[in-house]
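The values are calculated or read from the model by the stated rules, or taken from the named source; none is laboratory data. It should be emphasised that the depicted structure is a prediction, and the values quoted were computed from it without experimental measurement. Neighbour counts run over all protein chains shown; Cβ positions are idealised from the backbone, glycine included. Side chains are part of the model used for accessible areas, which takes the heavy atoms of the whole protein and leaves out ligands, DNA and RNA. Shrake-Rupley method; radii C 1.70, N 1.55, O 1.52, S 1.80 Å.
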Amino acid sequence: MFNFEKTSLINLNTAYSFKIYNSTTELPSNWSDLATSTIFLSLNYLQVLEQSSPSNMICHFIGLFENENLIGIAVSQFLDLNKLESFGERDKCIKTTVRNIVFRNFASQVLVIGNNMLTGQNSYSLLEGTNEKKAVQTLHAATVELKKIFKSKGITIHITTYKDFSKEEIQKFSLPEFKNEYQFSTQPNMIFSISDHWKTEQDYIDSLSKKYRDQYKRARKKASGIEKRKLSLEEIIVREDVIYDLYFHVAKNAPFNTFFLPRNHFRVFKEIFHDKFLFYGYFIGDKLIGFNTLIKNGEVMDTYFLGYDDTIQREHMLYLNMLYDMVAYSINKNFNEIIFARTALEIKSSVGAKPVKMYGLISHSNSLVNPYMSKIFKYLEPESIWQERNPFK
């Protein structure tokens, strides 16, 4: 990371300012007090990023101030896509080849205001009562300053993007500072809402239509012989290489990637978050054949990365069983909803998750390119064709 701290004043009646930090040790002592909307802006989570972010990522943390008072917090991630050997190996077609050429030569240096490793509004959080318009304008000023500092280090930011926002949240960016940004919509965030009437997994099963109850029974039968176990930190460390191989197998076969996790990521997460980070291993005998991870985020359960042996996954419907396990745990522990994120949309829909459209803003450093961003964007963001399911009666 670069060593700098930058302060700038925004002349908007009351002065708002920003500071850019490159280390969690520099953050104000009350930083986490503002991370009320999401755990993913808390000091603990930022320490996870600091200690185990992808090798092609540089994170910075932005404090927004009114006079000397911290009134907002934000995170940025710089991604150098040239450091990736592959953007994803699943799809082999001309469009994918064109996309890869575009990224390598045209959009390889990306500045994300938000978190490219997650789905949802994890970009910024504000103190209650803060003037959101001025805060967003100040965040824009911090973004401009970040790009200047990267440039001073010999790095030209090609793409700047703000992500992920709901339809209501994106309206807060309807300001002159963002007039040249192209508003895009990505694949939806799959959100599973937990009914107040469900107290046990059986209540969920009873709410399914016959077709999807049969799917549930078939999946559970296929999983006979597989043991699920919650792994401790020590067990994660012992199996770190196997865990990484299972993760990497899934990640590299995704349709598109902008990063790969480092080998120590799950260990670091468990070290810092303890029981708020759940790691479940799936075993046949003593052999780990798959895993999934969950993060307790207030009343919301966030699903995180997973991995599996693909041959065993297909034979035992392992992925579908993982989804059912996540649903069962979240119901039993009285969570309100599960964030299933934006991969494998149709199978997540088949267990009851609903799509929520997400929006973002994107611009290129070359102003001549921006009028054509709507055409270019379809090469940058792969489209997924899928059919929504309704598994309930």
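Summary of computed values
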quantity: Cβ-Cβ under 9 Å pairs, at least 6 apart or on other chains, region 212-232 side of a type outside the set (Gly, Ala, Ser), far side open to solvent by 70 Å² or more (accessible area, probe 1.4 Å) and not in a helix (DSSP H, G or I); calculated: Tyr212/Asn390
quantity: When residues of region 26-47 are limited to those that are among the polar types (S, T, N, Q) and open to solvent by 60 Å² or more (accessible area, probe 1.4 Å), the one nearest to Leu64 (Cα to Cα); calculated: Ser29
quantity: Within region 150-170, tally of residues that are more than 19 Å from Tyr124 (Cβ to Cβ) and in a helix (DSSP H, G or I); calculated: 3
quantity: Counted residues, region 174-211 - those being in contact (Cβ under 8 Å) with a residue 40 or more places away in the chain, farther than 30 Å from Phe256 by Cα and loosely packed, with under 15 Cβ neighbours inside 10 Å; calculated: 6
quantity: Hits in region 345-354 - residues which are touching a residue at least 40 places away in the same chain (Cβ under 8 Å) and open to solvent by 50 Å² or more (accessible area, probe 1.4 Å); calculated: Glu346, Lys354
quantity: Qualifying strands (runs of 3 or more DSSP E) (wholly inside region 296-383; at least 1 residues being of a type in the set (Asp, Glu)); calculated: 300-308, 337-341
quantity: The listed residue being modelled with pLDDT of 95 or more and open to solvent by 30 Å² or more (accessible area, probe 1.4 Å), out of Ile289, Ile295, Ile243, Ile237; calculated: Ile237
quantity: From Asn115, Asn122, Asn56, Asn82, residue being open to solvent by 20 Å² or more (accessible area, probe 1.4 Å) and either modelled with pLDDT under 95 or outside the structural domain of Pro262 (by the TED database) (or both); calculated: Asn82
quantity: Filter result (out of contact with any strand residue (DSSP E or B) (no Cβ under 8 Å at 6 or more places or on another chain) and assigned to a helix (DSSP H, G or I)) within region 113-135; calculated: Lys133
quantity: Residue match in region 366-375 (condition: modelled with pLDDT under 95 and touching a Gly at 6+ places or on another chain (Cβ under 9 Å)); calculated: no
quantity: Contacts under 7 angstrom Cβ, first residue in region 281-294 being among the polar types (S, T, N, Q), partner in a strand (DSSP E or B) and open to solvent by 10 Å² or more (accessible area, probe 1.4 Å), 6 or more apart; calculated: Asn292/Tyr280; Asn292/Leu306; Thr293/Tyr304; Thr293/Phe305; Thr293/Leu306
quantity: Cβ-Cβ under 9 Å pairs, at least 6 apart or on other chains, region 355-379 side farther than 22 Å from Ile339 by Cβ, far side crowded, with 16+ Cβ neighbours inside 10 Å and of a type in the set (Gly, Ala, Ser); calculated: His364/Ala107; Val369/Ser363; Asn370/Ser363; Met373/Ser363; Ile376/Ala107
